[in-house]
Amino acid sequence: NYARSFNNHYITAMGIFNRNERNTSLQPVYRDEAWAARATYSYALKYLFEVNLGYTGSEQFAPANRFGFFPAYAVGWNAGEEKFIKENLTFLDKLKFRYSYGKTGYDATPERWLYESEGYSTTYPAHTYAQFGPGYILRQYMYKEGKVANINAQWEESVKHNFGVETAFFERRMAFSFDIFKEERDKILMLPGSIPGFTMVTFKPLNLGRTKNHGFEFELSYRDETEWELKYSASANFSFSENRVVFQ
């Protein structure tokens, strides 16, 4: 960790590394690893910047696709601290604009080791016998191919955008906030639904799906105190969102 302020400059930084091994029952050990870093900068508490970097590894994917890079960025302008606003809009206690962009990853599926095939297995269904001469009975075996490996499997990715405004008026008795957001998810791991049955083949999840959603939300609140020191507040909020499957 690092944190320092000098004059009107405020800087923080942080780095994290973790590696996990989880042992459950008779299953092989689950493993994952992650590296992350964050840095923030603010000038006079008016201009705000933040960067987050993530580098995460999953056992689900082949070595070439094992690690995913997931960055995020944010900027903010605390306009209420500007001199020209303080002097001309005395009723305004807070006015802040912010925008953020981020990418996240997802690797959880019902299958393990998507890049490895399950090979072949043998079964012998009941009542499958063949007679070869007197006293000789042969049980018939069936060979079944396991799920086909997906050596190109990689992280699902979600890209998110958010823009927001925060305000406060009249000695912060009244406040208003507004956010608009958008998310696009790609490479969703799912089973293909268009494999002909006569192939007698099943697949491990492939990076096929795509979805997107967007919307907005706002909140208006008011709080005050009576001369008898009775505090009260009221708020109203509204949100709208649409989620859409682009490809399945």
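Suppose every K and R has +1 on its Cβ and every D and E has -1 on its Cβ; what is the size of the dipole of the range 37-105 about the Cα centre, in Debye to the nearest 20?
Details: 9 positive and 6 negative charges, 8 e Å.
For this selection, approximately 40 debye.
Take the cross-link list K96/K182; K46/K160; K46/K187; K46/K103; K83/K103; K94/K187 and give me the ones stretching past 29 Å between alpha-carbons.
Where the Cα-Cα span goes over 29 Å, the pairs concerned are K46/K187; K83/K103; K94/K187.
Do any GluC sites (Glu not before Pro) in the range 140-222 lie in a loop, going by DSSP, with at most 10 other beta-carbon atoms within 10 Å of their beta carbon, and if so which?
Taking the range 140-222 and a limit of 10 other Cβ atoms within 10 Å, the loop GluC sites (Glu not before Pro) found are E171.
Given 5 Å bins starting at zero, what is the percent of C-alpha pairs of the range 144-248 in each, up to the one with the largest pair distance?
2, 10, 13, 11, 10, 9, 8, 7, 7, 6, 5, 4, 3, 2, 1, 0, 0
Suppose all protein chains stay in the model; what accessible area per residue would a 1.4 Å probe give for the range 150-225, in Å²? Please list the in-between numbers first.
Details: 4550 Å² over 76 residues.
Accessible surface, normalised per residue, equals 60 Å².
At 1.4 Å probe size, with every protein chain present, just tell me what the per residue accessible area of the range 39-115 comes to in Å². It would help to have the intermediate numbers written out before the result.
Numbers: 4260 Å² over 77 residues.
Ligands and nucleic acids excluded, the figure is 55 Å² per residue.
Please calculate the 1.4 Å probe accessible area of I151, with all protein chains present, and give it to the nearest 10 Å².
110
What value, in deg cm²/dmol to 500, does the helix sum -39500 (n - 2.57) over DSSP H runs of n ≥ 4 give at 222 nm once divided by the residues of the chain?
-500 deg cm²/dmol
Given the options F163, A72, A62, identify the residue whose Cα lies farthest towards the positive end of the charge dipole of the chain (+1 on Cβ of Lys, Arg; -1 on Cβ of Asp, Glu).
A62
For the chain, just the Cα set please: Rg and Dmax, both in angstrom.
Over the chain's Cα set, Rg and Dmax evaluate to 28.7, 109 Å.
Roughly how many percent of the accessible protein surface of the chain is carbon and sulfur, given a 1.4 Å probe and a whole-percent answer?
For the chain, the apolar C and S fraction of the accessible surface comes to 57 percent.
Quick one: Kirkwood hydrodynamic radius for the range 1-65, alpha-carbon pairs, angstrom, one decimal?
One decimal place: 14.6 Å for the Kirkwood radius.
Could you pull out which residues in the range 215-248 have an amide N less than 16 Å from a spot 7 Å beyond the Cα of H161, following the Cα-Cβ vector?
Zone members listed by number: 215-217, 242.
The values are calculated or read from the model by the stated rules, or taken from the named source; none is laboratory data. Nothing here was measured: the structure is a model prediction, and the numbers come from that model. Neighbour counts run over all protein chains shown; Cβ positions are idealised from the backbone, glycine included. Side chains included, ligands, DNA and RNA excluded: accessible areas come from the protein's heavy atoms. Shrake-Rupley method; radii C 1.70, N 1.55, O 1.52, S 1.80 Å.
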